Structures are given as C-alpha cells and as structure tokens.
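Trainee: Below is the structure I would like to discuss, written out as structure tokens.
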Amino acid sequence: MSDESQELGITESKSHKPGEWYAEVVQKADIADYAPMGGFIVTKPRGYALWERIQDALDGWFKETGVDNVYFPMFIPESFLEREKDIVEGFDPEVAWVTQGGHDELEERLAVRPTSESIIAPFMADWTRSHRDLPLRINQWCSVVRWEATETKPFFRTKEFLWQEGHTAHATNESAWEEVWTRLGQYERVFEDVLAIPVLRGKKPDHDKFPGANTTTTVEALMPDGKSVQSATSHHLGQSFAEAFDITFADEDEEEQTAYTTSWGLSWRALGALIMTHSDDQGLVLPPTVAPTQVVIVPIWQEETKDDVLEYAAGIADDLEAAGFRVELDDRDERNPGFKFNEHELNGVPLRLEIGPNEVEDEEVTLVHRPDNEKEVEGRGGLVDAVDDHLETIYDKLYDAAAENLEDNVREADSPEEIMGTIGKHGGYVKVPWCGDQACEEVIKEKVSAEIVMQPVDDQGGSSAGVPRPPEDDDAVCAICGDPADELAYFAKSY
Ligand SMILES: [Zn+2]
C-alpha cells in the first residue's frame, strides 16, 4: 500500500541497516504488507506460498509419527484460562479479551487464545480414560494473539501470528520426553533440510521456560546481524497441566494415574528467519525447496530471431514442468531482459535460464544462480538433470554460507567484561560455564541486553532427560560470579 513498493529495487543495505532492509525486502518482493491496525500484517500470495511449503513438510512428518489434526475455538473462557495459574501469570499482560457479543455484554469474558493448552487440555482429559488411549497426539494449524506493545516487524513481531501447536498426553515421563525430542528433531529437520538454515538445539534456562512447563527445549538460528531467533519450541509440561485439568487414566492394574503432557510449536518466525538469513541487497533469496518459482526462463530476442527463440524456450519450459519443477517462462513483450533479470532477482527465483539466438543455434542454455550470479552453460540434451543438479548446488551454497556464519560466531569468554565485549563487537553466541543463578544473567542483560538463549543438553530418555550439559572442565567456574559451574549457557541478543 506504500508508494515505495511501486519502485523496483532495494535501496537499503543489509549490513548497514538490517531492520530497514528487511522491511523493504518483505514489501518489495511481495511477501507481506502492513495492515491498517498496528501489529498486524497481510500475508500476500507469494508469502503464504512459503508458509505452505513449511506446513506441507511438517504436517507430513507429524502424521507419519502419529499426530492427528484438530481445530479448537479461538476463544477461551476466562475461568478455563485461570485453571493453570502459570499460564495466567505468564500471558496475562498480553491477552486480548472479548467482552461484548453483538450489543450484549458477555457474562464471562473470553480470551483470544494466546496459546491453547487451557481449552484443549479439558478435552484431552475427556478423551483419556485408559492407558490404551495413550499416547494421545493432536495438532492444530491456527493463529494466536499476543498483545505486545512493540514495533511491528513482519513475521518476527506481530500481535497475531500463524503457527501450529501440538498437544500430547502420555502414560509415562519417558514417553513424554521421547515426544519432546521427536518434535524438536522435526523442527531441526525443517530448518536444515527445507529452509537451508543450520540451528543449535538445546533447552531454555529454567527462568525462561514456557509458563507451567517442566522444560522448554528450543532450536535457535543465528541471523546475519548477529542476533538469535528462537525458531521453534517443544515443551515437556510434566504433570502440571494434567493435574490442573484432570488428565488421568486407568493403568493396567485399573489404578488411576496422572498423565504427562507436552506441547510444541513452530510459528511464521521461521519465514522471518528464512528471509533474513539468505536475502541480499538485490532482494529476496530463497532455497529451491520453498521457492514458489524455482526456475525462470528469460528469452532474449530481436525481431528476426523472436519466433525461433520463443519456440526453443517454450520447449524447455514444457520439459522442465513435465519433470516437476516450478517453472515460469517470462515471455512478456513489454519488458526488456534487464528489467526481467532485476525483477526475478528481487523476487528470489533461485535459477534463471537465459536463452538467446546463440543458445538456440548451439542447442545450449545459459544458467545463472541467484545467490552469487554464477553462470554456466549446459547442453539442451540432459537439461532436466542439469537443472536438478544446479538447484541442489544452490541449496548447498545457501546452507554452507549460513553454517559458516554460525560456526564463526560461537565464541567463549570467562568474565562478564569479556562476554559483553564479545557480544558488542561481534554479536553471535558466547558460550560460558554458568552457575545456574538468574542473577548472573541479569548482570549481562542489564548492560548489553543479551540473555541466555540456549543451553545444550544431551538427548536421552529417562528422568535425567533435559539436564543441561556440564562444562568440559570439572573445575569450571561461572564466567560471571566465579562460583562453581555445572552448566553451559549460550548468551546472545535475540529477536
Ligand atoms: Zn554465576
């Protein structure tokens, strides 16, 4: 809706003004726009298509691993929300309330869901009678609302956001832990295999876990501006929700037992991370796995060569489409090739095929990679396989660049000054031994607004699951207070 979006090309630079640059890419590449109300965005077709790719991948894996989709109301009665006190306290300042329906004031006000445990758990209680009903696994794709008063940043900070929330109930603690790791593994997989973004996996420090949870596990991605994005979380809820909502079952001896529950979610922050990680000063860059158009064919002709070039290009488009690629043949008459190149670069089409009279004559095609403009010529025969290889190479280029950024930006420190200095100078993660006291985090947070975003854990079943990995050195001391430290912590600034 802004005038700026009429102008082709990105004017801000990713390295100098990452915030402005990001907003410009999102709007000019037709991903999203700002809604009339602050804190809300409109997701445009090209943006929603990206979300659908993420959905398709995850939804398939969920179903393969025993999850059924459901849909619950977007409103939660206040009395339900109040049944789990940590949820009330944790979300209270951010809950949007409906107090009126039509012209009538409601007898009980309704919360617009900030998360759905409080409306789903009572039904899970209803559906869980015997140990044979467990594990119970359900998921919903929906939006939630958290009324935060911050500046809107599409996909990173919006009052309403799209996500999926999975909810499960289990007969044993071990089974719940297994669930937590299964979902965290699927989130890791969607980042690494679909979005070309390597992640760190671990747990949140106890003071920063999901309200009411026993443990919150997380995958964190490092953005090029040095900040960490909490990309998806998988919570072991212990028995607190089961106790609050009576999720009990009869075990094999007909004894009544309380279930263990989990919940896990991935939001459209993943889209924000995708755009932020790979894109550049020319606009959007997308891995072929999610790009709405994977290959664009730009024919280049003069009047006398037009028919031959267009016919040759159309044949190639047909072949690639038949092979299952998402292809666009850009044969618009009114635009010159230079304009088309810029536009497809802005929109992040991973691979461009250029076809002029020379290509027709030599039965060849010129291929250009979006991320780095690398150019190669391939023969017409075998082009389908060649395109497949090139798309894979482009994916690897994107993944490798992100992996290098991550690898280069995990540093160590042994004093508060060093932690703050390192984050101030480089951003990224600073890995330190930590005593476990939140006060030590505060020291850093107050001065440089960096916090503990992640603690590595060793995935293991049993009651010791989710215990932070200790420092390698047995005599390690907390990098902040100097007391003995038996945990490792990663400090970073975060989104
Ligand atoms: Zn300490």
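The values are calculated or read from the model by the stated rules, or taken from the named source; none is laboratory data. Since the model is a prediction, treat every value here as computed from it, not as a measurement. Because the Cβ atoms are built from the backbone with ideal geometry, glycine has one as well, and the counts that use them run over all protein chains shown. For the accessible areas, the whole protein counts, side chains as well, though only heavy atoms, and no ligand, DNA or RNA atoms are used. Shrake-Rupley method; radii C 1.70, N 1.55, O 1.52, S 1.80 Å.
Trainee: Hey, could you check region 403-420 for residues that are in contact with a Ser or Thr (Cβ under 9 Å, 6 or more places away or on another chain) and either open to solvent by less than 50 Å² (accessible area, probe 1.4 Å) or outside any strand (DSSP E or B) (or both) and say which is farthest from the ligand (Cβ to nearest atom)?
Mentor: 405
Trainee: Moving on. Give the residues of region 109-129 that are in contact (Cβ under 8 Å) with a residue 12 or more places away in the chain and charged (D, E, K, R), sorted by residue number.
Mentor: 109, 113, 117, 129
Trainee: Collect the residues in region 26-79 that are within 30 Å of residue 133 (Cβ to Cβ) and open to solvent by 60 Å² or more (accessible area, probe 1.4 Å), keeping them in residue-number order.
Mentor: Those that are within 30 Å of residue 133 (Cβ to Cβ) and open to solvent by 60 Å² or more (accessible area, probe 1.4 Å): 56, 63, 64, 68, 69, 71, 73, 74, 75.
Trainee: Separate question: In this structure, is residue 190 in a strand (DSSP E or B) and within 30 Å of residue 21 (Cβ to Cβ)?
Mentor: Taking the combined requirement at face value, the residue does not satisfy it.
Trainee: Condition check: at positive phi, assigned to a loop (DSSP other than H, G, I, E, B) and acidic (Asp, Glu). Does residue 253 satisfy that?
Mentor: It is false that residue 253 is at positive phi, assigned to a loop (DSSP other than H, G, I, E, B) and acidic (Asp, Glu).
Trainee: Give the residues of region 286-301 that are open to solvent by 10 Å² or more (accessible area, probe 1.4 Å) and touching an Asp or Glu at 6+ places or on another chain (Cβ under 6 Å), sorted by residue number.
Mentor: 293
Trainee: Which of the numbered conditions does residue 433 fail, given that it passes all the others? Conditions: (1) closer than 25 Å to residue 223 by Cβ; (2) within 16 Å of the ligand (Cβ to nearest atom); (3) modelled with pLDDT of 95 or more; (4) not small (Gly, Ala, Ser).
Mentor: Condition not satisfied by residue 433: (1).
Trainee: Could you please tell me which pairs satisfy a Cβ distance under 8 Å, a separation of 6+ or placement on different chains, a first residue in region 218-238 that is more than 23 Å from residue 422 (Cα to Cα), and a second residue that is assigned to a loop (DSSP other than H, G, I, E, B) and modelled with pLDDT of 95 or more?
Mentor: If the second residue must be assigned to a loop (DSSP other than H, G, I, E, B) and modelled with pLDDT of 95 or more, the pairs left are 218/204; 231/197; 231/199; 233/204.
Trainee: Can I ask one more? Go through (1) surrounded by fewer than 24 Cβ atoms within 10 Å (Cβ to Cβ); (2) at negative phi; (3) not assigned by TED's automatic domain parsing to the domain that holds residue 391 one by one and return the number of the condition residue 283 breaks.
Mentor: Here residue 283 meets the rest and fails (2).
Trainee: Then there's this: For region 444-480: of the residues being more than 27 Å from the chain's Cα centre (by Cα) and surrounded by 15 or more Cβ atoms within 10 Å (Cβ to Cβ), which is farthest from the ligand (Cβ to nearest atom)?
Mentor: In this case the residue turns out to be 470.
Trainee: Name every residue in region 101-134 that is in a helix (DSSP H, G or I) and in contact with a Lys or Arg (Cβ under 9 Å, 6 or more places away or on another chain), in order of residue number.
Mentor: 118, 119, 121, 122
Trainee: So, one more: Of the residues 233, 216, only one is assigned to a strand (DSSP E or B) and open to solvent by less than 10 Å² (accessible area, probe 1.4 Å); which?
Mentor: Unique residue meeting the criteria: 216.
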